[in-house]
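> Let me give you the structure first, and then I'll get to my questions.
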Amino acid sequence: AVSIGLIVTELVINALKYAFLDRRENAAVVVRYERNGDAWRLSVTDNGLGMSHDVGIPAKTGLGTSLVLALATQLDASVKVTSTSTGTSIAVTHATF
């Protein structure tokens with residue numbers, strides 16, 4: 001639970017820091033946790049500007065991204081980043097969901 005809490009904190013902070021540089025009025029960050037048996041998925045999605053790269057983890061990662069990846073590894077989970085001009089979604093998934 002602590003690792004998941006740290007992942008959520010880091011992803012929400014990043015969304016608040018970077019997704020809404022245009023100060024849009026309808027800004028939203030959604031945190032979702034789903035479970036199916038032993039499988040689970042945590043996602044943090046925003047409707048912000050999107051990341052400058054298309055899809056995936058950027059080649060240069062900051063401390064926060066490294067932390068999320070390390071915590072996901074400890075949880076035996078994978079991280080998938082999907083980003084478009086209408087927002088970014090980061091999903092951390094354990095097992096086949």
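> Here are some residues: THR88, THR93, THR45. Which one is open to solvent by less than 40 Å² (accessible area, probe 1.4 Å), outside any helix (DSSP H, G or I), at pLDDT 95 or above and touching a Gly at 6+ places or on another chain (Cβ under 9 Å)?
THR88
> To continue, here is another question. I want to confirm something. Restricting to the range 72-85 and keeping residues that are polar (S, T, N, Q) and in a strand (DSSP E or B), which single residue is farthest from ALA19 (Cα to Cα)?
By that ranking, first place goes to SER78.
> Can you confirm whether SER66 is modelled with pLDDT of 95 or more, of a type in the set (Ser, Thr, Tyr) and either closer than 24 Å to THR96 by Cα or exposed (fewer than 15 other Cβ atoms within 10 Å of the Cβ) (or both)?
The answer is no for SER66.
> Being at pLDDT 95 or above and either surrounded by 13 or more Cβ atoms within 10 Å (Cβ to Cβ) or not hydrophobic (A, V, I, L, M, F, W, C) (or both) is the requirement here; does ARG23 meet it?
Considered against the rule, which asks whether it is at pLDDT 95 or above and either surrounded by 13 or more Cβ atoms within 10 Å (Cβ to Cβ) or not hydrophobic (A, V, I, L, M, F, W, C) (or both), ARG23 comes out as no.
> If you go through the range 1-20 one residue at a time, how many are of a type in the set (Gly, Ala, Ser), in a helix (DSSP H, G or I) and either surrounded by 13 or more Cβ atoms within 10 Å (Cβ to Cβ) or in contact with a helix residue (DSSP H, G or I) (Cβ under 8 Å, 6 or more places away or on another chain) (or both)?
Of the residues in the range 1-20, 2 are of a type in the set (Gly, Ala, Ser), in a helix (DSSP H, G or I) and either surrounded by 13 or more Cβ atoms within 10 Å (Cβ to Cβ) or in contact with a helix residue (DSSP H, G or I) (Cβ under 8 Å, 6 or more places away or on another chain) (or both).
The values are calculated or read from the model by the stated rules, or taken from the named source; none is laboratory data. No experiment lies behind these values; they were computed from the predicted model shown. Heads up, the Cβs are rebuilt from the backbone with ideal geometry, glycines too, and the neighbour counts pull from every protein chain shown. SASA here: full protein model, heavy atoms, side chains in, ligands and nucleic acids out. Shrake-Rupley method; radii C 1.70, N 1.55, O 1.52, S 1.80 Å.
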